[in-house]
Every structure is written in structure tokens, then in C-alpha cells.
Amino acid sequence: MNTSSLLTLLLILGLLSYYLGRKKSLAVSNGNRGQHRLHSLPDYYGYLVAVWCLLPALVVLLCWNMLNTPLITHAVSNSLPPEVHAVSPVNAGLVMGNVKRLVATRSIATETDPVQKAAAEKYLDLQAFSRIARTLVVLALAIGGFLYGWKRVNPQLRARNQVEQVIRGVMILCASIAILTTLGIILSVLFESLRFFHAVPVHEFLFGTHWSPQTAIRADQVGGSGSFGAIPLFVGTLLISAIALLVAVPLGLMAAIYLSEYATPRLRSIAKPALEILAGIPTVVYGFFAALTVAPLLRDLGGMAGLNVASESALAAGLVMGIMLIPFMSSLSDDVINAVPQSMRDGSYGMGATQSETIRQVIIPAALPGIVGAFLLAASRAIGETMIVVMAAGLSARLTVNPLEAVTTVTVQIVTLLTGDQEFDSPKTLAAFALGLTLFILTLILNIVALHIVRRYREQYE
Amino acid sequence: MNKTTATIRAGLARRYARERRFRRFGLGAIIVSMLFLFILLFTIFSQGVSGFSQTFIKLDVVLDEATLGVGPGATGEQLRNAGFAKAISQSLYTLFPDVSSRSDKRNLRALMSSNAPYRLMGIVMDDPSLLGQTYSGWFLADDDIDTYLKGHVDRSLPETDRRLKDQTLGWIDRLEAEGRIEKRFNTEFFTNNDSREPEQAGILGALMGSFFTMLVTLLLSFPIGVAAAIYLEEFAPKDNWFVDLIEVNINNLAAVPSIVFGLLGLAVFIQLFGVPRSTPLVGGLVLTLMTLPTIIIASRAALKAVPPSIREAALGMGASRVQTVFHHTLPLAMPGILTGTIIGMAQALGETAPLLMIGMIAFILSTPEGITDPATVLPVQVFLWSDSPERAFTEKTSAAIIVLLGFLILMNLLAVLFRKKFERRW
Amino acid sequence: MSFATTSLDTGMTKQPHSSTETAPGNMRRATTAPLDIETVVEELKELPQPVGMPLLDDPKYHTRDVSVFYNETKQAIFNVDLDIGRNEVIAMIGPSGCGKSTYLRCLNRMNDTISGCRVTGELLLDGEDVYARSQDPVLLRARVGMVFQKPNPFPKSIYDNVAYGPRLHGLANNRAELDEIVEDSLTKAGLFKEVKDRLNLPGTGLSGGQQQRLCIARAIAVSPEVILMDEPTSALDPIATGIIEELIDTLRQSFTICIVTHSMQQAARISQRTAYFHMGYLVEVNDTNTVFTNPEHLLTENYITGRFG
């Protein structure tokens, strides 16, 4: 039975147990709350029995589905003849990859290698066995759970409290997903990065000035150890981010100031939604705009001015990324400026300051921590932005700070390295994870510092 | 007037000039931002509108037994193998009887898009009574013809620099004179899947992919997000390291680059747990993790806005804390929660980068029918098309963007409507 | 001048304007029927001028028929006639929401910063129309300083807080002059001794009372003619309040001071004249002594005897 029909069946069982549990609670209370007063409302007994029926079964089903593939892979891999493992661990991985492909494409019959064919058949057998076992175990748990829960129904049972305990537990679990996600990110990126750093030393990655992963198609290939010096990527990322921030910070900040301090309600009612639209446009659209409109425009303009502008210039990508960040910067600044208490403004106006004097000499200094926080968050967005640079910045890892030339960024390289049909274990794909780790650490630091500053700032005026 | 007043008055003109400058700068920032928005939308729309129409050629196809190899009363199986391609070719030769050499005939056949025989087959299968008759209908022209008729080919270039040769241009002129060639609204754009041929490419597959991905995202992120928000806002103990850790994590995850979530999806969901690649299921899982912070933060704000007096009233009546939340607080906070959810879903709908990591970038020819079929989504389709060298794909890309923006605007309007309709000030 | 009554008044007459006008108040007082407050409030609308002594000769501020609207429907104060004398401390008292702060904020056009706020009537400062087109709010606010309810020093150093106004208005030509102004203002505000060693520390680090004196120093640094104080001690402890009250008494030598206060005792201690506001109407104005010992209007009496407010 596949997962969705199993889930449907469980749902039906759950509804049934709710109904039966509720019914029994009414029965044991001798009709409608007769001699035996129920501790809780009859509904809660129904819920409790349903929980007993569903919760263990669902937990087991989830775990089973999560562990199914890793365990079967492990078992099949171990059953491979020792000579396969003897070649190299990478070889075993390759064989397993092929086996999985055979299973997925249902083309075992066409395979000629007897070892792989046998492994694929074993894989299929294990899968079939696992599916049957899963159905039996899950249904047994559901029915067993129901019987246990149903037996326990009696007027003294504190059904409501127990149901509420379950609800609370589920809620805590949901809240912890945030931690699990972070943990998952760190572990997945870190684990693969460590494997990468076995092949390429950390200092070579961090301080090397030559990046050309394209030669390393397979790890076991002759001369297949491309160079992985990431400095050109870092410089390219910083260059494009700097251009973007140069556009977004003054424009976003000034727009926020004008909207919150000067604008008439009419202008505000037009400009605010316009900025929200700008914020809601997907980055892939900005990327398309950058690649097809802005970049050629800049190249032509540069041509007229006698400058040689690359058709995938850092300037085009940075400029469009700046436009993308304007609403982000302005909405963050807006929050920050509005958090400056009115009494500050009153104090300044009361001294005979003009509006701009008040803004420049009182509001901006007072809001400075918040503005710095907004700036850092914008910088973090710029560094991590992917689609605009994938579409509008180049692939050539040149070490330059000339905004008219083509540069590449960390995110562009991650996408390029991972969207081909490579083996998962080659240094080339692992390099993407090392870049991902760098990106994650960098943005993590920026975010935490920024969030800390903004939080302290808010508390100051609360 | 005393001395101080005189001094102040003397400086006023200069100060007001500075005030005006500052003000103009602020207004300038807004105007520039709006201008960018206008240029962006204008470019996309002006390029994209033509993407919804496509050039069609009217052919009179003779559906006789001699050409097709099947006569009236043919079974479906027979029809599938019938010579519809030949029938299309024949109708072209009839239009231009003077074309005789093999290479010229090949060029003539190239006027039509390659799917014309399949369209014809579909028409005949729907209405078998057409067999033996002559069917006149509009068929897709090749994208080169379409590009030319939309004015993107310069006829004055030397013949060798053009994709369309003089001979073909002559045919087009004749077809135009006979009224057999025209641009029409292209319904196939909404009913076809992706294709290597720009004139046949459509967004149905991407739309269905987006739909299934959003479905998974919504079904997972809404309950989980709301439950997490309720816990953090209503039950979590204050000054507890675990709760603080959760809050720091949520705020940080909201700012983690989306591509990192793609790496997580690749390493954990696909490599470790064996979730099938390229499917809405794995896409939805990744987008759920990305959307959760948005939903949690919005839901918490909505819950916080419900005044404590309502909770106190319920608790005072003897309700338990869980009952208070589910009977009173949550329903009152629901509009805010839904608004936040819609905004989160709109973000997820436009997300591209993480989906590239988990293989939703594949060239998919069949419409996905469930959450475990290989699929792509609308923004990734935009990315794929924008990468194609053919000129004709540019307008397709813009057209797909218009559809995407249409959905996003719809969702945002819905969110605004929700906020307006149910907004409550306590 | 639109009001004939002004010319009738000569000097600081202690007489009510005319017996007929004040009759309702006096009548109510005679009956002392507390149950009829609503009727009395209704009658406020009929009252053509406040009872007591609202008008003066050669006032600093001359205000007639002043009304303030917060939007089309909401009127905050109604037709207030009041003169404010030179170098006097005038206290405005009344229950919450009676319009005393709103009136105060008209005097230096601070209401301009609230959107939708509209002021009608005649407000003259030294005979100059405060709300005239030609009047410059920046210049006006430099001439009329203001101290707010909650101490609001800027997040800058103590020195920069006091130097803020002189710098804005270009009152000092060099650092030495600025130093002098800062020291002088801090001394006048009675704060210099306490802070002279930490002029470069942030003003927000001072205690509440010190912060409020810093705000007073900041206000007098531009040598204004009038200082408006909006409940300046309501956020302070009794000792700090005492210090500020003494300070106000000394400042009277050089400035005209209008103070809005919640505390009747404070009004009695520091002011020469007292104006009583009720629900947007100016009910009674007189010598502080008279208002507190012998109020003419029933509402005033009820307020100072603590029957409401």
C-alpha cells in the first residue's frame, strides 16, 4: 500500500476511533451525565482515542519513510561483492548510483553487468518487503492504539488534560522545526564541506586567486583536480553587492524619510503600494530585466561614451539588484524611523528647527542603530541573492573590481556547479557546499549582528 | 525686535533653501523608485503582450483515403498511424503549385510548425466524420515566420545574414495577400507543456507544477506555522533558553539566502531521505522551510494584537488555556494569520533559486499529475526560457512573467482585501 | 480689534466684565446644586467670555475667539479669549482632555505638526499675528520656547543638547561664544554645577529631574521671550519637582511663562494668574489667589474642591 492510501486509511480509522471513543464515554457515564459524572466533555474522550489510534502510527510511518531509502541503500551496498569496495569507496558510490537509476527507470532487464543487476534486484526485493512490512506495522499500531485508548475510557479519565498535553507537545515540536532547519542546514553544508576540504585545503579555497572547477569533472580523472581559489568569487560578490547597496541605501532611506515625514496622504497611498509591488516581484523577473534590458542598454551607452562595457557587466547586475533592494531598505528604515518617539520631533520643532534639520540632526542620529541594522540586513540579502546574478552576471571568475567587466559570484557558482548531471561526490559538487557554507556563515553573522542591533534599538524606545 | 531675532531672521533664507533641497532629494528618491518600477513593468508588458498571440496559417487539408491511408470509419489506432503529415504537406503544395524541387519543398514545409499533423490528428479524432472531406483550418506557423511578422527581422539585410530567405518571404507575402496568414490569440500557450519549438511552448506543465508545489507548501507550512506561533505567543515560558533559541532561529532563518535552503533540500531530503528529485513534493518541502518564518512571524503579530482582556475573560469563565486559544484568541487572530500566509505563499510562488538545486529545472514534456511526478514551476520556466537563444522565446518569457505577476498581484490583492475587511482596532 | 469689550477694560480690573454675563455662574453657586453639572456645562456654550479677569492691558499674548479642530467634526477648544501678561507665570488647569495643552500648543504653532489640525481666531504675540502667512513658524518657535511633559533630551551629549538651538539658528560665531551660551543656559537652569564635568556624556544618562532641567536649558539657550511648559513635572518625583518649581520662579524675571499643570497645588505655588479650562471652554481666569480662594464659577469651585477632575 502506498503512502497516500495508507494515510487515507489512517484518517478513516481516526474518525472511527473518535466516534467510538465519544460513544463509549457517553455509555460509561450512564447516559447523559447520569450517576457517573464525566471528568471531561465527551468530545475529549473521542479526541483522546483518536490520538491513541493515530499518533503512534503516524510517527512510525514518518520515520519509516525517512529511513527507508538510506537503510535499503546501506543494505544493498553492503551486499555488493567485496571487490567492488576494494577499488575505492567512490567506486561503490558510483555502482550504487547506477543501481538506483536502474530501479528508478525500471530497466533492470537491459543491464548487462551481473553484479549491478543482482544488486538492483535485491534493491527491488527489499523495497517490496519494506512496503508490506510498513503497511502491517502501521495498521497494527493504529488498531492496537485504538483498542488501548478505547479501553481506558472511564469517567475518571482526565481526557481533556491529556488531549491538551498532546496538543502542547505537537506545538512545541512545530516550533522546534526552526531549530531543526538550522541544524539541518549546518550539518548538510558542513558535512559535505569537510569532505571537500579533504581534497582541497581550506587555505587554498579561502585565499586562492584562481577558480576553474570546470576541469574537475570526475574525481578519479587524470588531471581532474581543478583549482578552487574562491577569492575571485568573493571579490565579485562584494563588488556587485556594493553597487547594489550604493543604489538601494540612499534611495530606500530617502524614500522612507520622505514618505514618513513629508508625503501627503495621497502620495503615500500611491507610493507605498508601488514599493510593495516592487518588493513582491520575483527575483527571476529582475534577472530577466537585467539580462535583457539593462545590460544591453549599459553596453550601448558605454559604447557611445567610448567605454568597453561587458555584455554581462557587474554594473548591470548590481544596479538591478539595487532596485530590488530599494523597497526592502525603505520598509526597514520606515519601521526604524517611526520608532523614534514623537517627543524627539516635538523637542526639535519646539526649538525652531526646520523639518530637514530635525530629520538630519535628531531623527537620523537617534535612528542610526536601526538604520545600520537595516543596512546589514540589506547587505545580507545582496550577498545571498541568486537569480539576478545567475541571469545577468557572468561565469568567468576574473579577479577585478572594474564594474564594467563581467564577474562571477558565490551564488552563481553554486548554481552552476549543482545544476549539471554530476556525480554527487566529485570535488566540483562538493565545492558548491563549501561555497554554501561560506555564504551561510557570512550571512548568519550579518543577520545576527543586525537583528541584535535592531532589537536593542527597539527596546531603547519601548 | 531684539538682536537674537534679527540673527535668526538673517539665517532663515539659507536654512529654507537647504530644507527645499533636502525635500527635493527625498521626492527624487521616490520618483526614481517609481520610475524603475514603471520601466520594469513597461518593458515586460510591451515585450510580453505579443507572446500571447502567435502566427497561424490557414490550410485547406484534403482528408481523403489516398493521402491518409485510412478511410471513413477508421479506428483510433488506425488514425494514430494515418498520414496526417502528408496531408498537411499536400495542402501546402496545392497552395504553391509552382514549387517543385525537393529542397524548395522542404523549405515550404518548414513554414508550418512541426505539431501541425498532431493538431490535425486531434481534430479528426474528435470528429471522425471529417474523413473524406476537405478541412479548412488555422495551423501554427513556424517561429521564424512569427518572429518576422512581429517585425523582428530586418528585410533589408543581405539574404545570407537572415534566417528567412527571399523565397520564404515571397511565400509569406502571397499568403498575406490571400488572407491565409494572421496573428491570433494563442490558446496553446495555456494548454501546452514546454517545448523546444518556441511557437509550441506553453506553460500548462509549469502551472500545474506550481500548483502542486504550492499545495504541498500550504498544507505543511500553515498548520506548522500557526502551531509554532501559538506555542511561542501563548504557552512558551518567558526567559527560557530553549524558547530564546527558537526565536533567534526563526528570525535568522527569515534572512538566510534562499539558495542555502536549496542546498539543504539537496543534501537532506534528496540524498539522505531519498525523496524523489525534481518533484513538487521535495520542492514543497524546501519552500515550506522557507515560508515558515514568514508565517510564524505574521501569526505571532496577529496573536499579539488580540488584547489580553479577551484571554482573561475566557480564563475567568473556567476555560483551560488550550480552550481559550482555540475558542477565542485564534479565531480573532485568523484574518492576520491568513494575510501573513497569503504573503508567504506569494513569496514561495515567485521563488526560483532553491528549486534549481533540487532539480526542478528539468525539461518536462508531460504535465505533472501529482506531487511525485517530475515537474517544474512557473518562475523556473521563466528562467529556462530566458536562457534560450531563440528570439521567439523572449516574448514567451515575458508572457510567462505576466502570468506569474498576475497570480502574485491576485494573491496580494486578496491579502489586502482580507486585511481591510477584517481589520480590527482594539 | 473685533472685541468691543477689550476697550472697556482698563487696567487689571478685578471686576467681572458685567454682572449679567457672569450671572449664570453666580446663580449656580448660590444654589450649590451639584446634581446639575450637565446643565452648567451646557451653559458654558452661552458664556460669551470667561468669568474673572481674562483681558489685560499691553499683553504679551493677545488671543481672541480661538478654536481648534482636529478634523471636520472634532473640535478641541471653543472660542477662547485670553491675554497673557509680560513676565508673568500663568497656569492653565483643568481636568484631562479639557483643551489646556491644545491651547498651549497654539501659542507656538506646535499644532502645525499634527495633520488635520486647524486653528481659527486671533492670536497675537506682541501685536504680530502668530498664524499670519508672513509669520515664520521657525522664527516664532525660536522666540517661544517649549518644555514638554516627558523630558525629551536628544540622544546627544549634554553640551550638544544645549548647543542644538544656537547652532541651528547661528547664534554663536565661534566655539568660545557657544561655550558661553551653553554655560550660561545651564547655569540659568540650575544644572551647570551638577554636570560641568560631564558635558560630553549623553543627556539621556541624567536623572529625570536633571533631564527636564537640561530641556529647560536647551529652551533658554536661544533666549526666547516666552517659555511654554506642558506639565513639566508630571513625570518627576517630588524633590525634582520642587527644584523645577523654584527654577520657574527665578526664570520669571526674564521670561513670560505659560505652564499647563495637573496639580492645583503647583499652580497655586508658582503662578500669578490661573486659567481654568473645562471640556474645551475657558471657564474662569483670575489672580491665582482669587481662583483658589474665591472662585466665581461653579465648575471652577467643583474642580478646586476636588469634586471632579
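Of note:
For (1) open to solvent by 30 Å² or more (accessible area, probe 1.4 Å); (2) under 30 Å from A:Asn161 (Cα atoms), each residue gets a yes or a no:
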position: A:Cys53; (1), (2): no, yes
position: A:Leu58; (1), (2): yes, yes
position: A:Leu67; (1), (2): yes, no
position: A:Val84; (1), (2): no, no
position: A:Val99; (1), (2): no, no
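- Test for B:Gly318: is it in contact with a Lys or Arg (Cβ under 6 Å, 6 or more places away or on another chain) and not in a helix (DSSP H, G or I): no
- Residue count, segment B:270-296 (criterion: modelled with pLDDT of 90 or more and closer than 16 Å to B:Val216 by Cβ): 15
- Filter result for the condition that a residue is under 30 Å from A:Phe433 (Cα atoms) and away from chain A (no Cβ under 14 Å), over B:Gly225, B:Gly209: B:Gly209
- Residue within segment B:245-254 that is surrounded by fewer than 21 Cβ atoms within 10 Å (Cβ to Cβ) and acidic (Asp, Glu) present: yes
- Unique residue being out of contact with any His (no Cβ under 7 Å at 6 or more places or on another chain), under 26 Å from A:Leu13 (Cβ atoms) and away from every other protein chain (no Cβ under 14 Å) when the list is A:Leu54, A:Leu58, A:Leu48: A:Leu54
- C:Leu178 vs. criteria open to solvent by less than 40 Å² (accessible area, probe 1.4 Å), assigned to a helix (DSSP H, G or I), more than 7 Å from every other protein chain (Cβ to nearest Cβ) and closer than 22 Å to C:Glu246 by Cα: no
- Any hit, segment B:146-159, residues being out of contact with any Lys or Arg (no Cβ under 9 Å at 6 or more places or on another chain), open to solvent by less than 20 Å² (accessible area, probe 1.4 Å) and at negative phi: no
- Filter pass, B:Ile296 being among the hydrophobic types (A, V, I, L, M, F, W, C) and within 8 Å of chain A (Cβ to nearest Cβ): yes
- Count of segment B:314-341 residues which are open to solvent by 30 Å² or more (accessible area, probe 1.4 Å), under 25 Å from B:Lys421 (Cα atoms) and within 11 Å of another protein chain (Cβ to nearest Cβ): 1
- Test for B:Phe418: is it open to solvent by 10 Å² or more (accessible area, probe 1.4 Å), more than 13 Å from every other protein chain (Cβ to nearest Cβ) and over 22 Å from B:Leu266 (Cβ atoms): yes
- Of note, B:Glu390 satisfies the criterion of being surrounded by 14 or more Cβ atoms within 10 Å (Cβ to Cβ) and in the same structural domain as B:Ala348 (by TED's automatic domain parsing).
- Note on segment A:125-144: among residues that are surrounded by fewer than 16 Cβ atoms within 10 Å (Cβ to Cβ) and of a type in the set (A, V, I, L, M, F, W, C), the one that is farthest from A:Asn2 (Cα to Cα) is A:Ile143.
- Filter result (more than 7 Å from chain A (Cβ to nearest Cβ) and more than 19 Å from A:Pro365 (Cβ to Cβ)) within segment C:146-174: C:Val147, C:Gln149, C:Gly170, C:Leu171, C:Ala172, C:Asn173, C:Asn174
- Search result, residues across segment A:114-124 that are without any contact (Cβ under 8 Å) to a residue 40 or more places away in the chain and either of a type in the set (Val, Ile, Thr) or open to solvent by 50 Å² or more (accessible area, probe 1.4 Å) (or both): A:Pro114, A:Val115, A:Lys117, A:Ala118, A:Glu121, A:Leu124
- Residue satisfying condition, being in contact with a Leu (Cβ under 6 Å, 6 or more places away or on another chain), within 9 Å of chain B (Cβ to nearest Cβ) and open to solvent by less than 10 Å² (accessible area, probe 1.4 Å), within set A:Ala432, A:Ala378, A:Ala374: A:Ala432
- Number of the exception - B:Ile145 against (1) in a helix (DSSP H, G or I); (2) more than 17 Å from B:Gln200 (Cα to Cα): (2)
- Total residues in segment B:253-287, condition of a type in the set (Val, Ile, Thr), at the interface with chain A (Cβ under 7 Å from one of its Cβ atoms) and assigned to a helix (DSSP H, G or I): 3
- Among (1) under 43 Å from the mean Cα position of the chain (by Cα); (2) of a type in the set (A, V, I, L, M); (3) closer than 30 Å to A:Ser330 by Cβ; (4) surrounded by fewer than 19 Cβ atoms within 10 Å (Cβ to Cβ), the one test that B:Ile30 misses: (4)
- Residue count for segment A:287-301 satisfying the condition of being farther than 13 Å from A:Ile323 by Cα, more than 8 Å from chain B (Cβ to nearest Cβ) and touching a helix residue (DSSP H, G or I) at 6+ places or on another chain (Cβ under 6 Å): 2.
- Every condition in (1) of a type in the set (Val, Ile, Thr); (2) touching a residue at least 40 places away in the same chain (Cβ under 8 Å); (3) more than 8 Å from chain B (Cβ to nearest Cβ) holds for A:Val284 except the one numbered (3).
- Residues (within 7 Å of chain A (Cβ to nearest Cβ) and either touching a strand residue (DSSP E or B) at 6+ places or on another chain (Cβ under 6 Å) or not charged (D, E, K, R) (or both)) located in segment B:17-38: B:Phe22, B:Phe25, B:Gly26, B:Leu27, B:Ala29, B:Ile30, B:Val32, B:Ser33, B:Met34, B:Phe36, B:Leu37
- Enumeration of residues in segment B:33-55 that are open to solvent by less than 20 Å² (accessible area, probe 1.4 Å) and within 28 Å of B:Leu111 (Cα to Cα): B:Gly48, B:Gly51, B:Gln54, B:Thr55
- Some residue of segment A:393-400 being hydroxyl-bearing (Ser, Thr, Tyr) and surrounded by fewer than 18 Cβ atoms within 10 Å (Cβ to Cβ): yes
- Listed by position, the helices (runs of 4 or more DSSP H) inside segment A:326-422 whose residues that are over 23 Å from B:Leu40 (Cβ atoms) and free of Cβ contacts under 8 Å to residues at least 60 places away in the same chain number at least 1 are A:342-350, A:355-358, A:364-384, A:410-418.
The values are calculated or read from the model by the stated rules, or taken from the named source; none is laboratory data. If you're wondering where the values come from, they're calculated on a predicted model, not measured in any experiment. Backbone-built Cβ (ideal geometry, glycine too); neighbour counts: all protein chains shown. Accessible surface areas use protein heavy atoms only, side chains included; no ligands, DNA or RNA. Shrake-Rupley method; radii C 1.70, N 1.55, O 1.52, S 1.80 Å.
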